[in-house]
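Trainee: Take this structure first; my questions come after.
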Amino acid sequence: MNSLFSKQTQKLKKNEIKKIIILKNSFWKFNIKSQKEWFKKNVKKNDLHNLLFFNDKLIGYTLLRLRKIKKTKIFYFLLDTMIVKKEFRKKSYGKLLMEFNNHLISLNNKIGFLICRNRETNFYKKFQWKSLSKKKYNLDNLKTY
């Protein structure tokens, strides 16, 4: 049985954070300690964590980081961390997560923004995300590819 829900960081339980970190670590080979440190440093209390479970096992996750455009009152969601557990890929779970992200962004009346490698752009374009030239924006403290 599948379940998909969203929680703010401040409402996550410790075991949910642990599951997120373990899932992320299965893809990004840093280590558990550095994943925890990244989480503490970069994730804010009102960020949204979208968790996809299959039989009580976390198989998919996205993070929508709520951020503000400097010197404005405009908030946006930075789509960060899009991951589906390897054995569940190519089974429409990524599509489910992206449609859920788009729904939450729209529901909250925000814009969405993400940074990805060129080879990943076609996936996001399937969900009406558009490419921008790097000349069109300036990001502080964000790694670009």
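Trainee: Can you find a residue in the stretch 88-102 that is hydroxyl-bearing (Ser, Thr, Tyr), in a helix (DSSP H, G or I) and farther than 21 Å from Trp129 by Cα?
Mentor: No, the stretch 88-102 has no match at all.
Trainee: Against the condition under 13 Å from Leu4 (Cα atoms) and hydrophobic (A, V, I, L, M, F, W, C), how does Phe100 come out, does it pass?
Mentor: Yes: the conditions hold for Phe100.
Trainee: Within the set of pairs 6+ apart or on separate chains, which have a first residue in the stretch 119-131 that is assigned to a loop (DSSP other than H, G, I, E, B), a second that is open to solvent by less than 60 Å² (accessible area, probe 1.4 Å) and of a type in the set (Gly, Ala, Ser), and C-beta atoms under 9 Å apart?
Mentor: Within 9 Å, the pairs are Trp129/Gly112.
Trainee: Can you give me the number of residues within the stretch 1-32 that are surrounded by 10 or more Cβ atoms within 10 Å (Cβ to Cβ) and outside any strand (DSSP E or B)?
Mentor: The qualifying residues number 19.
Trainee: Specify the residue that is nearest to Leu23 (Cα to Cα); the eligible residues are those in the stretch 54-85 that are open to solvent by 20 Å² or more (accessible area, probe 1.4 Å) and hydrophobic (A, V, I, L, M, F, W, C).
Mentor: Met82
The values are calculated or read from the model by the stated rules, or taken from the named source; none is laboratory data. Computed from a predicted model, the values in this text were never measured in an experiment. Reconstructed Cβ throughout: ideal geometry from the backbone, glycine too, with neighbour counts over all protein chains shown. Areas reflect the complete protein model, heavy atoms only, side chains present, ligands, DNA and RNA absent. Shrake-Rupley method; radii C 1.70, N 1.55, O 1.52, S 1.80 Å.
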